[in-house]
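The values are calculated or read from the model by the stated rules, or taken from the named source; none is laboratory data. Treat the numbers as computed from the prediction; the structure is a model and nothing was measured. Note: ideal-geometry Cβ built from the backbone for every residue, glycine included; neighbour counts use all protein chains shown. The area values use the complete protein model at the heavy-atom level, side chains included, leaving out ligands, DNA and RNA. Shrake-Rupley method; radii C 1.70, N 1.55, O 1.52, S 1.80 Å.
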Amino acid sequence: QVQLVESGGGLVQPGGSLRLSCAASGSIFRINTMGWYRQAPGKERELVATITRGDSTNYADSVKGRFTISRDNAMKSVYLTMNSLKPEDTAVYYCNANLYGRLYWGQGTQVTVPS
């Protein structure tokens, strides 16, 4: 059982930066992968970035070079550093944890980049 709580969302002007945080609690030692997903109105939830316990990372093409995913040593927290934000980055961002096939989700945090 893992609980995830996102924070750090807000309103940012185009070109600005924002850092999202996800705090995990519960059976943290069983987490092998954590990630960030986002969902804009009328669109499917999509992968933003993932990171494994071994620090292997994966990014969506749309954010590669602008966003960076990172974690603490115990995998209690995962972060998403977002630079050069664009209006198309506007979405609810969700934290995800994968416990070898069992998925957990946070409630999401809103990121808004006005046009």
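The figures follow:
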quantity: Note, ³J(HN,Hα) from phi for the stretch 82-92, Karplus 6.51, -1.76, 1.60, rounded to Hz, x at Gly and Pro; calculated: 10, 10, 6, 5, 10, x, 5, 7, 4, 4, 8
quantity: Gyration tensor verdict on the stretch 1-92 (Cα atoms; rounded if a/c is under 1.5, prolate if a/b is larger than b/c, oblate otherwise); calculated: prolate
quantity: Size of electric dipole in the stretch 1-65: Cβ of Lys, Arg +1 and of Asp, Glu -1, about Cα centre, debye, nearest 20; calculated: 80
quantity: Å² per residue, accessible surface of the chain at 1.4 Å; calculated: 52
quantity: Residue order for Leu103, Leu85, Leu11 - accessible surface, 1.4 angstrom probe, largest first; calculated: Leu11, Leu103, Leu85
quantity: Pair-distance profile P(r), taking every C-alpha pair of the stretch 12-64, with 5 angstrom steps and integer %; calculated: 4, 14, 20, 26, 20, 10, 6, 1
quantity: Coil-residue chymotrypsin sites (Phe, Trp or Tyr not before Pro) of the stretch 46-108, DSSP, other Cβ within 10 Å capped at 14; calculated: Tyr100
quantity: Summed residue charge, Cβ within 14 Å of Ala24's Cβ, Lys/Arg positive, Asp/Glu negative; calculated: +3
quantity: The chain - charge dipole about Cα centre, Lys and Arg +1 at Cβ, Asp and Glu -1, debye rounded to 20; calculated: 200
quantity: Length added when fully stretched, Ser62-Leu103, from 0.36 nm per residue minus Cα-Cα; calculated: 12.4 nm
